[in-house]
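A short worksheet on the structure shown next.
What follows is calculated from the coordinates using simple rules that are stated; it is not laboratory data. All values reported here derive from a predicted model rather than from experimental measurement. Positions of Cβ are backbone-derived with ideal geometry, glycine not excepted, and every protein chain shown enters the neighbour counts.
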Amino acid sequence: MKKDYPVPASYLERETIVKKSRFIARVAPVNSRDEVKEWLKRAQHDHPDARHICWAYQIGRPGSAAEAAMNDDGEPSGTAGKPILNVIQHKDMGDVLVMVIRYFGGIKLGAGGLVRAYAGAAESVLSEVGRVLLKPLSAANVTMGFADEQPLRHWCEVNAAELDSVLYGTLVAARVAARVLVPEDQLNAFAAFCDAHKLDYSFET
């Protein structure tokens, strides 16, 4: 059974200044690489004159993330993206993107100074952003009569499940086929609901 894990509750921005360089840190919840790209485009649009926009993200459950990446965006290798990712991993948070936008202040920080500055910027925003627990979902396929659809919708609303898709009369005449995303801690309750209403169901593996 997969465990719940914390994800950012919302977007948040914080700014720090190190030896006249501005470090603007942004955190955002993300579920895909495409979402990461959209957030990076937004940062580039908001700060076209910034010297660097460095970032790191982690998608999936902390400790076994499905995908993670980082980028130094012209800073010396390992001085920006990696420190940001290290802070993300230390915070034990998933589905998270942290961008740090730097405006150079005229004073070079050196490799160690850069590592501390980018890590500090990431820490400043991640320590303040709210967290919510993401409950892993399992997919179930259900076949039922038309009269059973509304009770199923009601069960989903009450139990934080999602009706992913509904097809009418395509698999079996005068029947409804639905795909439901069920929180993993509600699987037994969902099975009991289906059995009580005599619905045909199966869980995807």
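For residue 134, the amide hydrogen comes within under 5 Å of the amide hydrogens of 5, 7, counting only partners 5 or more places away or on other chains and with H modelled in the peptide plane. With θ taken as phi - 60° and the Karplus curve 6.51 cos²θ - 1.76 cosθ + 1.60 applied, the whole-hertz 3J(HN,Hα) list for the stretch 15-27 is 10, 10, 10, 10, 6, 6, 7, 8, 10, 9, 9, 10, 10 Hz, x standing for glycine and proline.
Site pair residue 31 and residue 205 shows an inter-label distance of 2.6 nm when each label is modelled 7 Å from Cα along Cα→Cβ.
Fewest neighbouring Cβ atoms within 10 Å first, the residues 90, 47, 52, 154 line up as 154, 90, 47, 52. The simple Förster model, with R0 at 25 Å and r as the Cβ-Cβ distance, assigns residue 10 and residue 165 a FRET efficiency of 0.35. Residue-wise HN-Hα couplings along the stretch 121-134, as the Karplus relation 6.51 cos²θ - 1.76 cosθ + 1.60 with θ = phi - 60° gives them from phi, are 5, 5, 4, 4, 8, 6, 6, 9, 5, x, 10, 10, 8, 8 Hz; Gly and Pro carry x.
Do any trypsin sites (Lys or Arg not before Pro) in the stretch 1-85 lie in a DSSP loop with no more than 14 other beta carbon atoms within 10 Å, and if so, which? Filter output for the stretch 1-85: 2, 3, 19, 20. Seen against the Cα atoms of the chain and their longest principal axis, helix 187-196 is set at about 20 degrees. Sequentially through the stretch 48-62, phi angles give Karplus couplings (6.51, -1.76, 1.60; θ = phi - 60°) of x, 9, 5, 6, 9, 10, 9, 7, 7, 9, 9, 10, x, 6, x Hz, Gly and Pro residues having no value and appearing as x. Between the helical axis of 81-90 and the longest alpha-carbon principal axis of the chain there is an angle of about 50 degrees.
Among [x] 9; [y] 38; [z] 15, which is the computed percent of Cα pairs over 31 Å apart? Structure-derived value, by its label: [y]. In the stretch 5-133, a dipole from Cβ-located charges (positive for Lys and Arg, negative for Asp and Glu) runs towards its positive end, and of 32, 9, 99 it is 99 whose Cα lies farthest in that direction. Among the trypsin sites (Lys or Arg not before Pro) in the stretch 101-205, those located in a DSSP loop and surrounded by at most 15 other Cβ atoms within 10 Å of their own Cβ are 108, 198. Exceedance of the 26 Å cut-off in Cα-Cα distance is limited, within the set 41/135; 37/108; 82/108; 20/91, to 41/135; 37/108; 20/91.
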